[in-house]
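First comes the structure, then the notes that go with it.
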Amino acid sequence: MPPVTWTRTGQNAPTWPGRNWPLGATWTPESTNFAVYAPAATEVWLCLFTDGPDGGEEETRLPLTEQSLGIWHGALPDVAPGTRYGYRVDGPWEPAEGLRFNPAKLLVDPYALAISGEYFPRPETFGYVHGSPTERSDADSAPYVPRSVVVDPSFDWEGDEPMKRRWRDTVIYECHVKGLTALHDRVPEEMRGSYAGLAHPAVTDYLTDLGVTAVELLPVHQFVSEPGLTERGTGNYWGYNSLGYFAPHAAYSSSGTRGEQVREFKEMVKALHRAGIEVILDVVYNHTAEAGPLGPTLSFRGLDDRGFYKRLIPTPDEETGEPGAYDDTYWDVTGCGNTVDSANPLALRLILDSLRYWVTEMHVDGFRFDLMSALTRTGYDIDMGADLLVAIGQDPVLRHVKLIAEPWDASMDGYLVGGMPPPWTEWNDQYRDTIRDFWRNQVGGPHATATRLAGSSDLYADDGRSAYNSINFVTAHDGFTVRDLVTYDHKHNEANGEDNRDGTDNNRSWNHGHEGETDDADVRAVRRRQAANLMATLCLSNGVPMITAGDERGRTQRGNNNAYCQDNAISWVDWSAEDAWLDVYEVTKRALRLRREHPVLRQRHWFEGRPTIVGGPKDLAWLHPSGREMVDADWWDHDLRTIGMFVSGSALRAPGPRGEQQRDASFMLWFHAGWQPQKVHLPENDWVQEGEVVLSTDARLSEGARVRAGDRISLGRRTVVVLREVR
C-alpha cells in the first residue's frame, strides 16, 4: 500500500464552527460543513487526504471542537468536490461496556455521499490486538480502509421525477449492475459492468421489448468484502455487506470514484425513467460490514458502537428483579454477526435519511428491504408497530414509493410472510415453493397451486391488501436459476470454497433424469418446455411477477445455488445466442404482453367466484379436465395434474380512469403438469363460444389455432395453453 503521512494542525486551523445539521459533508462554493454523530466521544478529528509524493497520500488532521446533541461539527472553506476525508475518534476503550473508541482507526463517514478506495482486511483495521480482544490496537488503519468523498450534489435532471406506476401494472426484473452487462457485446467495453452500461440503449431496449417495467438492483450501497472471502481469494459479489448507506458502490462506476459515481448513477436513473423503467434498490439496513464484536472497525463501531448495534438484553436478577449486568454480546438475527438497532434514534434517523436521500436526490422509485424482520423488533420481539414501520408509514416521501419486504430473517420467529402491515408488499416464497412443486409433480392436490395462481388471498386478503401485495417469483439471486431448476437435483457450489456446505438443500428442483447438462435431445427438450412453463405461470399469475435476470433466456450458474462470491461468468448474464433458450424468451415476452394488454390478467380486486354482472359468468371458475367445475374432492386429488382457470372479462370490478365500467376478453388457462398428454373439455356455455390459442408451450397447439365451446383438445405432456375469447 502507498504510505500515508500526516500532520496535526493546531487550534489556529481555519475551521469554522459550522452546524450540526445535516449530518455528513455538505458542500457549497463557500464552504463544506462536516457533521458526525459520536455522543460518547471525547475528541474527534476530521482527516483530509491529498495526493502526496511517490503515489502516496498526505493526511491533515483538524480537530472538531464544536459539539451539540452528540454531533461534532465544523466547516472549512475552499474544500473542493472530490476531496477525500475520514474521521478519527477518541474516547473510552471499554469493550465490556460497548465503548470501542480508537483514534488509530480511520472511519468512513456514515453519511458520505461517495466512497473511494478498497478495504484490505489487515490486522491494522481491527480495533483490538489480535489474540487479545480487550487490548486496544494502536496500529494505524488508514492505508487499508476506504475514504469518504466530498460531493457536489448539483445535477440537471431535465424534469425527471420518481415514477408512480401502479403496482398491478408492474413487472420486476431483479438484476445485478455489473452482472447484467459484464458480457454484453453491444455495450461498449468501457461501460460494461457499470451504471452507464445498465443505462445503455442495448439494455433498456431489451427490457422494454421484453415487457419489464422496473429493475430491482442488487445492493448498490457501498459495500466491502468479508475478510474470510478475501482470504479465500474471492469477494462479495452480491453486495449484502453495506458500509455506506448514501454512497453508490464505486466499483460500478465507469467514469471515476471521486464523486463521479454519483453523477453516473443519476444518469442511469434518468435513462431508465426515459425508457419507462422504474428503479428499485435492494437495501441492507439490517446489518453492516463490521460483522460481530471482533470484526473490523470501519465506521459505526468507532462512532457509537453501543447505540448502533443490538445487544443481548440483560437478564434481571431472579430475586430482586434488578436489571442484570451490561452484556456486550451482539444479538444477531441476520447471520452476519450484527443486527442494526433500528429502535435507536440515530440509527433510525440514518435509515430514514438514507431512504429519503435516494428518493429525493437520486430519484429511485422504491426499495426491497433485505431481512426486513430484523428491523421490525422491539427488544427481541417482532412488532408490527415498530418505530421504523411507523416512521415510514407516516413519512410524506417514503409512504408513496414502492416498499417490498423480504419478510424473514435468520431467526426461527422471524418468518412474516403475509404478516407485514399495509401498504407493504412482500416476497412470497410460498408462491415460489408451490409453483416449483406443481411443475415437478410434488403437490398434494391442486388446491395450493390454484391459491397462488389467483393471488394468494390466504396471505393478503384479511387486512385490506390486494393481490399485488404478493411479489411472485420462482427464482431470485439466492438459489438456482430457472434453467438450473430443471437441470440439477443437487447444488454444486464447490467453486465457493466451502466444500459444498453452503447454500440450501431445499431446491425443489428436478433434473429430468440426468444431473447437469446433457446432449440427450429429449431431455433437453423437456427441460426447455418446463422452463417455459415456469416463466409463463409466473407472468400470468395474479400478483406482481419478478423475473431474475437471464432466466428468460436460459442463464445457468452450473448448479451453483449460492453464487454470492462468484464475480465471474458463473453469475454474469451470457448475452451470446449460442446457448440461449430463445424459445423460453419468446414465451416470456408473449405472456408479459398478454398481461400488459389485458387488465383481466392483472386485477387489483380479489376474485370472488361469482358473477360480477347479473346473469353473467363467474369472475373466476376452476375447471376439471372433464369440463365441469372443480368440486371439493378434486382439490385434494393427489393424482390430478391439470388445472383449468377461466377468468371472465365480461365486467371488471376495477373501474377505468374516469370511473367507466371496464370490459375485457375472457381467458381460459390450462396448466398441465402430467407426464402423459391430457384431453380437456371446453364446456358449452352462454358466454364464450369461440377462442384462439394465444400462448402455448405445446408445439402441437400453435398460436392462432381456433377452438369452440364443446370441443375437446389434447394437451401435450407438461404444457401451458392459454385461450382468449374471440368475439
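The values are calculated or read from the model by the stated rules, or taken from the named source; none is laboratory data. All values reported here derive from a predicted model rather than from experimental measurement. Ideal geometry is used to build each Cβ from the backbone, glycine not excepted, and the neighbour counts take in all protein chains shown. For accessibility, only protein heavy atoms count, side chains too; no ligands or nucleic acids. Shrake-Rupley method; radii C 1.70, N 1.55, O 1.52, S 1.80 Å.
One table, with the values for the structure above:
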read-out	value
Candidates L303, L312 - the one that is at pLDDT 95 or above and either of a type in the set (A, V, I, L, M, F, W, C) or over 21 Å from the mean Cα position of the chain (by Cα) (or both)	L303
Leading residue by the ranking (nearest to D353 (Cα to Cα)) among those in region 396-427 that are part of a loop (DSSP other than H, G, I, E, B) and among the β-branched types (V, I, T)	V397
Test for N236: is it surrounded by fewer than 20 Cβ atoms within 10 Å (Cβ to Cβ), within 20 Å of the chain's Cα centre (by Cα) and modelled with pLDDT of 95 or more	yes
Unmet criterion (only one of (1) touching a Lys or Arg at 6+ places or on another chain (Cβ under 8 Å); (2) under 22 Å from I643 (Cβ atoms); (3) not aromatic (F, W, Y)) for L538	(1)
Selection count, region 173-191, where residues are surrounded by fewer than 22 Cβ atoms within 10 Å (Cβ to Cβ) and farther than 16 Å from A271 by Cβ	5
Condition check for A569: assigned to a loop (DSSP other than H, G, I, E, B), open to solvent by less than 60 Å² (accessible area, probe 1.4 Å) and out of contact with any strand residue (DSSP E or B) (no Cβ under 9 Å at 6 or more places or on another chain)	yes
Tally of residues being open to solvent by 10 Å² or more (accessible area, probe 1.4 Å), in a loop (DSSP other than H, G, I, E, B), modelled with pLDDT of 95 or more and in contact with a Pro (Cβ under 9 Å, 6 or more places away or on another chain) across region 428-480	0
Residues located in region 594-627, provided they are part of a helix (DSSP H, G or I) and surrounded by fewer than 16 Cβ atoms within 10 Å (Cβ to Cβ)	R596, E597
Number of the exception - H130 against (1) farther than 30 Å from F101 by Cβ; (2) at pLDDT below 95	(1)
Selection count where residues are part of a loop (DSSP other than H, G, I, E, B) and either in contact with a Pro (Cβ under 9 Å, 6 or more places away or on another chain) or within 26 Å of L229 (Cβ to Cβ) (or both), scope region 484-508	16
Residue satisfying all of: in region 202-232; without any contact (Cβ under 8 Å) to a residue 40 or more places away in the chain and either of a type in the set (F, W, Y) or open to solvent by 20 Å² or more (accessible area, probe 1.4 Å) (or both); farthest from A275 (Cα to Cα) among these	G228
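Residues checked against (1) of a type in the set (K, R); (2) surrounded by fewer than 17 Cβ atoms within 10 Å (Cβ to Cβ); (3) part of a strand (DSSP E or B):
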residue	(1), (2), (3)
A41	no, no, no
C47	no, no, yes
D54	no, yes, no
A75	no, no, yes
V79	no, no, no
Y87	no, no, yes
A112	no, no, no
